[in-house]
Amino acid sequence: MSVEELRRLKSLEEENRRLKSLVTDLSLDKQILDQWAYANKVTLDCSRPGKPTDNAFIESFNGRIRAEYLNENWFLSINDAREKIKAWRQDYNNHRPHSALGNLAPEKSLKPARQ
């Protein structure tokens with residue numbers, strides 16, 4: 001788990017939007033995540049390696065990023081890939097409507113809670 005991800009979890013706590021559970025795979029730094037979850041009374045629900053049906057949301061996202069980003073772009077360098085994924089991620093999180101969020105973009109769905 002990156003420092004930025006931990007900061008985002010902390011900001012949710014400060015907004016009084018505490019998590020009760022967190023679904024994750026085992027690719028994160030398990031020790032740091034365990035310590036954070038214990039300190040914040042969050043239940044971890046880890047998907048099993050090789051069992052993609054454990055987290056259908058991630059599998060759906062993986063399919064979307066593959067179809068909309070990886071299959072549609074050529075990368076001239078690692079920096080080119082980073083710039084393109086940054087633009088795609090900003091569009092995905094800030095502008096694109098998501099049906100699971102009432103057809104709001106993720107960032108816009110959080111704004112009512114921040115006000």
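The calculated FRET efficiency for the pair TRP74 and ARG96, based on their C-beta separation and a Förster distance of 30 Å, comes to about 0.85. Taking 7 Å steps out from each Cα toward its Cβ at ALA81 and GLU107 produces label points 2.5 nm apart. Close amide H pairs (under 5 Å, H built 1.01 Å from N) link LEU104 with HIS98, residues at least 5 positions away or on another chain. In this calculation the C-beta distance from ASP34 to ALA67 is compared with R0 = 30 Å, giving a FRET efficiency of 0.35. Note that the range 57-115 shows a convex hull volume over its alpha carbon atoms of 94 Å³ per residue.
Coordinate-derived values only; no laboratory data. In this text the structure is predicted, and so the values were computed from the model without any measurement. A quick note on method: Cβ atoms are made from the backbone with ideal geometry, for glycine too, and the neighbour counts reach across all protein chains shown.
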